[in-house]
Amino acid sequence: MKFMLTLFSLAAFSSLGPAQGSPQSGLPDGARLRLGNGNITEMQYSPDGARLAVATGIGIWIYDAANRKEPALLSAHEGGISCLAYSPDGNLLASGSTDNAVHLRNASTGAHLRALEGHTSRVIDVIFSRDGSALASVDYENSVRIWDTATGEEQLSFDARTQEGMEYMPAEAVLSPDGSMLAAWNYRNKHDIDLWDISTGKHLRSLQGHTEYLTCVAFSPDGSMLASGSWRDSIRLWDVVSGSHLRRLEGTEAGVQCVDFSPNGSTLSSGHSDESTRIWDAGTGELLRTLGGRSDTLASFTFKSVAAIAFSPDGGRLATADSTIRVWDSMTGKRLWGIGGHFDSVNFAAISPDGATLASQGARQPISVWDAATGVHKRSLEHDMSLSPNFVFRPDGQTLVRGDDYHSIRLWDLRRGGELRTLVKDAGNDVVFAYTADGSMFASGDAVSSATLWDAQTGAKLRTFNWELFDFSQVIYRPIRTSLAFSPDGKLLASGSEDYTIRLFDTAEGTPLHTLKGHELDIVSVVFSPDGGVLASVSGDNTVRLWDTVTGADLLTLQPGTGALSVVFTPNGGEIATGGINGSIDFWDAATGTHQRALKGHGWAVNSLVFAPDGNTLVSGSGDGTILLWDFPL
C-alpha cells in the first residue's frame, strides 16, 4: 500500500466553536486549577494553513494561525500526545500518545471519532495516505500498523524487532511521506540510521557517518532525501535511494533537537538547544538565516531547547516552539507573533508556608513563581539553571533557599525576583535541601554519602553527617531526587543514598540512629508522617516503603503497578499519595497498604507531590509540563 502526503487541502475548515479558556480548559475531575499549558512535542499546520495544531503533554491545542485567539484543547488520550497529523483534505486529525493508542478526530469540530488500539508502546509517528483512507502509525518498539480510517480496522502490520539482522533495539523512528519506508535509530548506543521497507519487511540499508548520538530525523516531502540531527555532530543530509552521504550542515555548536523540510523541499529548518532555529538551503547546505536564540527577548521567560518546528503549507511561515510558540516569516526572519505558557517538565514544586505562593522548576530551567490562588505566573528566577531542581521556602514565604552547580547556596527574593545573597559559599556537591518547620535550620545533602546542617540565619555550618557506602554494583538509575527531609519537630533528619539505603540522624546530637535497607535502586524521595512516627520512601525499584522511625523497622511495602516517583502523607497521616510514572496519583491506606482511589489528570509522570499548609489543596507537578491543584479532601 502506497501513501503520499499532500500539503494542500481542497476543503476549508469550519469553526471549532467558542474559544475555551487557557490553561483551564478540560480540567480533570477534582482539580480546580492548572498551571502551564503542557510541554510541546510536535506541531503541524492544517492543510489550508488556517490552524496550528500543537501536541503537548495534556492534549492538542488548536490555535487560529491568523489572529491567535484563545485556543481549543482537544483531549481524549490517557497519556501525553507524542505525535499528530492532519489528513490531506483537512477533515481528520490523528494523534498518537504515550498511552499506546492512536485517536482520530473530526478536525473541524474536534469531535472524537474512534480509537485505534494495538500498539504496545508509545506511538511516535503517524501519517495519512494521500486520499486519507488509511493511516500509518509507528511505536517506540518500531512496530508499524496501517489502519482503515473509516472503520478503524488494522490492514497491515510490520515489526522491525523481528526482522533478520536486527542487532539492536531501535528506539525512535519516522515514516516516509508515502508510508513505504521506516527510518529507525537508537540514540542510546548507535549512531546509524536503518531504513526498512514496510511492505516486505526487508532491511534496505544503514546510513552511517554520525559520531555522536542522534536526536532527530526527517524525510524530504518527496522522500528522496533524509535529514538527521545529532546532539554534537550537527546535521547531515542523505540520499535515501543510494544511502550516500550528501553533505554536512555546519555553522553551530548547539545541539540539534528537531529538523523539518519546507513543503517544496528546497529549505531545511532545525531547532537547537540554544533556543535558536536555523534555516538552510537543502541543495547547497548554506545557512540562510538564524531565528531567535537566547538574545531574543521572549527567550528570557525560560531556557529550553527548540522542541518542535513546522512550516506552513505555502512555506511562508515557520512555527517554532520551546516554552513559547513563535511564528516567523521564513523568508525575512521577522517574528510575526508569539504565545508563551508551555513549560518543560515540572520536576519539583513547593508551596510557601502561608499557602499563597507556589514555586516550580525543571532541570536546567528557571524557577517559576506562581500565585497559588489564581494560577497567575508572577515571575521567573533566572539563575544558573542547575541540573538538579530542588529548593525550599524559608518560613517567611518570600525567600527561597537554592543550591547551584557552583557549590554555593543562595537566597532568592520572590517579591522582586532577584538574588538576595549567598548564604553558603562552598556546599560541596549538595543538590537536595530541607528546612525545619520552625525555620531555625536547613539541611543540604549530596544524595550520596553526606548531609550538612546549617544555621538558617547566618549560614554557619552546625554539623556534617558522613557515611560509608555499602557495596553495590553500579548506579544504573539517577532519578530527580528530593531525598532529604526533617521530621515535623526537627529532631530527625532522613537522607536517601546512592547505595539504596536511607540514614536517620539525630539532629541535636549529630548521631546516626538507623540505616534503613530494603530498596534495590536509588532513593527518589523521602517524607515523614505528620506525627513523625513513620517515614515513607520511594525508590527507582518502583516500590514505596514505610518505616518506623523509632525502631527502623520496615512496616510496609507498596508496589504501585505504574511505579512511583513521588510520595506524600495526607494531612491526617491516614493515607499516603504516590505519583505514578503514567501520570496517576494513587492513594493508599498507610496502615494496611490497601489502594483507596486514584486521581487522573496528568499526561506523563507525576514527579512532585505536596500539600498546602492548610491541608485543603494537593499540588502535583508532572513531566507533562503542568501543575495541578486538587481540592482535598476528595
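The values are calculated or read from the model by the stated rules, or taken from the named source; none is laboratory data. Just so you know, these numbers come straight off a predicted model, no measurement behind them. Note that we place each Cβ from the backbone using ideal geometry, even for glycine, and neighbour counts take in every protein chain shown. Surface areas here come from the heavy atoms of the whole protein model, side chains and all, with no ligands, DNA or RNA. Shrake-Rupley method; radii C 1.70, N 1.55, O 1.52, S 1.80 Å.
Can you work out ³J(HN,Hα) from phi for every residue in segment 330-335, in order, using Karplus 6.51 cos²θ - 1.76 cosθ + 1.60 and θ = phi - 60°, giving whole Hz and x for Gly and Pro?
The phi angles translate into 5, 8, 9, x, 6, 7 Hz.
Bin by bin, in steps of 10 Å, what percent of the Cα pairs in segment 174-216 do you find, going until the bin that has the longest distance?
For segment 174-216, the pair-distance distribution reads 31, 49, 20, 0.
Of 98, 143, 73, which is farthest along the charge dipole of segment 24-156 in the positive direction, counting Lys and Arg as +1 and Asp and Glu as -1 at C-beta?
Going by the Cα projections, it comes out as 73.
So what are the ³J(HN,Hα) numbers for segment 262-277, from phi and the Karplus equation (6.51, -1.76, 1.60; θ = phi - 60°), rounded to whole Hz, Gly and Pro as x?
Karplus values, whole Hz, x for Gly and Pro: 5, x, 8, x, 7, 10, 10, 10, 9, x, 10, 6, 9, 6, 9, 10.
So how strong a dipole does the chain carry about its Cα centre when Lys and Arg Cβ are +1 and Asp and Glu Cβ are -1, to the nearest 20 debye?
1320 debye
Which percent of the accessible area of the chain is formed by carbon and sulfur heavy atoms (probe 1.4 angstrom)?
47 percent
Checking the cross-link filter: which aspartates and glutamates have an alpha carbon closer than 19 Å to that of residue 491, excluding same-chain neighbours under 8 positions apart?
Cross-link targets: 438, 455, 506, 509, 531, 548.
At 1.4 Å probe size, with every protein chain present, just tell me what the per residue accessible area of the chain comes to in Å².
Details: 23890 Å² over 634 residues.
The answer is 38 Å² per residue.
Each residue of segment 595-611 in turn: what ³J(HN,Hα) in whole Hz from Karplus with 6.51, -1.76, 1.60 and θ = phi - 60°, glycine and Pro shown as x?
6, 9, 5, 9, 10, 10, x, 8, x, 10, 4, 8, 8, 8, 9, 7, 8
Straight-line reach from residue 600: which aspartates and glutamates have Cα under 19 Å away, leaving out those fewer than 8 places along the same chain?
Excluding near neighbours in sequence, the set is 29, 78, 99, 575, 586, 589, 624, 631.
Leaving ligands, DNA and RNA out of it, work out the accessible area of residue 210 with a 1.4 Å probe and give it in Å² to the nearest 10.
Its accessible surface works out to 10 Å², give or take rounding.
Taking the Cα centre as origin and putting +1 on Lys and Arg beta-carbons and -1 on Asp and Glu beta-carbons, what dipole magnitude results for segment 56-133, to the nearest 20 debye? Please list the in-between numbers first.
Numbers: 6 positive and 8 negative charges, 22 e Å.
About 100 debye.
Place the peptides 95-103, 75-83, 552-560 in order of packing, highest mean first, counting for every residue the other Cβ atoms within 10 Å and averaging per peptide.
95-103, 75-83, 552-560
For residue 202, which aspartates and glutamates qualify as cross-link partners when the Cα separation must be under 12 Å and same-chain residues fewer than eight apart are set aside?
Straight-line reach from residue 202, under 12 Å: 159, 164, 194.
Roughly how much of residue 126 is accessible, in Å² to the nearest 10, using a 1.4 Å probe?
Spelled out: residue 126, probe radius 1.4 Å, area about 10 Å².
Using all alpha carbons of segment 22-92, what is the percent of pairwise distances in each 10 Å bin, ordered from the shortest bin to the longest?
21, 51, 24, 4
Using +1 at the Cβ of each Lys and Arg and -1 at the Cβ of each Asp and Glu in the chain, identify which of 224, 574, 525 lies farthest towards the dipole's positive end.
224
Please report, in whole Å, how far the alpha carbons of segment 542-615 spread along each principal axis, starting with the longest.
Cα spread of segment 542-615 along its principal axes, largest to smallest: 39, 30, 19 Å.
Output the Kirkwood hydrodynamic radius of the chain, Cα pairs only, in Å rounded to one decimal.
25.7 Å
Taking amide hydrogens as modeled 1.01 Å from N in the peptide plane, which residues meet the under 5 Å criterion relative to residue 275, leaving out close sequence neighbours?
It is 306, by chain and number.
Give the long-range amide H neighbours of residue 26: residues separated by 5 or more places, or on another chain, with amide H under 5 Å away, using H modelled in the peptide plane at 1.01 Å from N.
none
Using +1 at the C-beta of Lys and Arg and -1 at the C-beta of Asp and Glu, which of 462, 349, 510 has the Cα lying farthest in the positive direction of the dipole of the chain?
Going by the charge dipole, the pick is 349.
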